[in-house]
Every structure is written in structure tokens, then in C-alpha cells.
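Here is the structure we will look at.
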Amino acid sequence: MSVRTPVLCAQNFNAEKGDTVEWKNPGVNCVVSQDGTNTFPFISDPPSEDNSININPAPPTPKPSVIVDVDASTTPYNYQISCCEVAENPVHTVTVTDSFLSRKKR
């Protein structure tokens, strides 16, 4: 699996199931959360109980590991980021692909 480093407020990024996500330059106490009733595409270590992950807690709390935990799909998975302007990018998505299947189709 890979480490993905998307720009924090990017509208979309690509990943594979099991990839670790490290957003670039999140503000302190920036939270990634479920978008409405859509499937939340991430898990964290330590685990989150409410489909939200503080990706940059205030010290001395360590940053959690964030992992893509959904299957490949032709439809992107939506999520929200608390420290991005809503007008800037109202919906953030991750497009989950399966590189093995992509290579096999070539």
C-alpha cells in the first residue's frame, strides 16, 4: 500500500484501499468527517467512534494514522473537512481504485 499526500482542501484525490492518507498542512484540530449519510471512506488508528477524525490534534496528542477503508468504486466517496472554506470546495471526494485490476485490463 502507498502513502497518499493530498492537498488539504483538494476537491478530489485518488487512492487504493489500505493506503495511508497524510493531508498537507492541516490546521490544528482539523477534522475529516462523514458527509451526511454517505459511506465514510476512512478509518483511523487510534479508532474513531463517530465517523470523524481529528487529523492534526493539538500537541501533545499524536496525529492518528488515517487509512482508506472502502472498496474500489466507479463512484467517488464524499467526506467533509472542517478547516476548509465551504465556498472553496463544498464537497471533497476520494476516488478509490484497484491498481491490480487496472493493470490486468491493459
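Quick note: the coordinates plus some simple rules give every number you see, no bench work behind them. Every value quoted in this text rests on a predicted model; they were computed, and no experiment measured them. Virtual Cβ from ideal backbone geometry, glycine too; neighbours counted across all protein chains shown.
Criterion first (surrounded by fewer than 13 Cβ atoms within 10 Å (Cβ to Cβ) and in contact (Cβ under 8 Å) with a residue 60 or more places away in the chain) does GLU85 satisfy it?
Criteria met by GLU85.
For the range 66-82, which residues satisfy the criterion of being surrounded by fewer than 17 Cβ atoms within 10 Å (Cβ to Cβ) and over 19 Å from LYS17 (Cα atoms)?
SER82 - this is the single residue of the range 66-82 that is surrounded by fewer than 17 Cβ atoms within 10 Å (Cβ to Cβ) and over 19 Å from LYS17 (Cα atoms).
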